[in-house]
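Report on the structure given below.
The values are calculated or read from the model by the stated rules, or taken from the named source; none is laboratory data. Everything numeric here is computed off the predicted structure, so don't read it as measured data. Virtual Cβ from ideal backbone geometry, glycine too; neighbours counted across all protein chains shown. All accessible areas refer to the heavy atoms of the entire protein, side chains included, with ligands and DNA or RNA removed. Shrake-Rupley method; radii C 1.70, N 1.55, O 1.52, S 1.80 Å.
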Amino acid sequence: MKVLFQTRTNLFDAPGGDMVQMLKTKEFLEKEGVQVDISLELEPNLNEYDFVHLFNLMEPQDIYLQMLNAKKQNKKIVLSTIYGLYTEFERKARGGLFQKVDNLLSPYQIGYIKTFIKHYKEKRMHKGVYKMLFKGYYGLMKEIVDNTSVFLPNSVSEMNRAAKEFKLKNYKFVSIPNAIDKSVFS
């Protein structure tokens, strides 16, 4: 079996928990004999892969295009959701003007604005960001989940929140909790 892992295009420039989850998942799948490649490209050729595994629904502008590419090439899509809205932090702890604005907007409007500003400042505007401008942050996320064959959330609670938020019915999922790295933590 050969799998292509894909996620946000700045994964290695702005490392985070999603990068750790992706690399550790790759490491342990390879120990089980699964061939895993990582591509941050938006539209790679998928001929040699059995399916595409996307990571991080909270960054939909990149994985939206990767999902469309997989769909166009008739590949099944697996999604490690990494789904968690920052609403409570945005509204109660951020402080300043942004906190005031965040109390007036929905979590998806906040995500929309933050994503646009971040990509504009980083000079990373691309087709996925422009799609988000027209379809909305929630709209991209909804289309991604609607085209996912199997979800791999970190918990049943995370899956339940995503299913409720995106009005999912008859979905398949396997809860895979994040582990700890015993070589780092004793």
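Couple of notes before you dig in:
- Exposed loop positions in the chain were taken to be GluC sites (Glu not before Pro) whose DSSP state is not H, G, I, E or B and which have at most 10 other beta-carbon atoms within 10 angstrom. Between these positions, the longest stretch is 49-186.
- Surface exposure of segment 49-88, expressed per residue as accessible area with a 1.4 Å probe, stands at 35 Å².
- Between N154, V129, L168, the Cα set farthest toward the positive side of the dipole of segment 123-169 (charges on each charged residue's Cβ, about the Cα centre) is that of V129.
- Helical runs (DSSP H, four residues minimum) scored at -39500 (n - 2.57) apiece and divided by the length of the chain put the mean residue ellipticity at 222 nm at -13500 deg cm²/dmol.
- Among [x] 9.2; [y] 12.0; [z] 11.0, the entry that matches mean projected area of the Cα convex hull in nm² as calculated here: [y]
- In this view, the solvent-accessible surface of R8, computed with a 1.4 Å probe and all protein chains in place, comes to about 20 Å².
- Residue-normalised accessible area of segment 134-173, given per residue in Å² at a 1.4 Å probe: 55
- Accessible area per residue was computed with a 1.4 Å probe on protein heavy atoms; H53 scores about 10 Å².
- For the chain, the Cβ-based charge dipole about the Cα centre amounts to some 640 debye (Lys, Arg positive; Asp, Glu negative; other atoms uncharged).
- Modelled spin-label separation between E43 and K72, with each label point placed 7 Å from Cα along the Cα-to-Cβ direction: 0.4 nm.
- Sulfur and carbon atoms: percent of accessible area, the chain [1.4 Å]: 57
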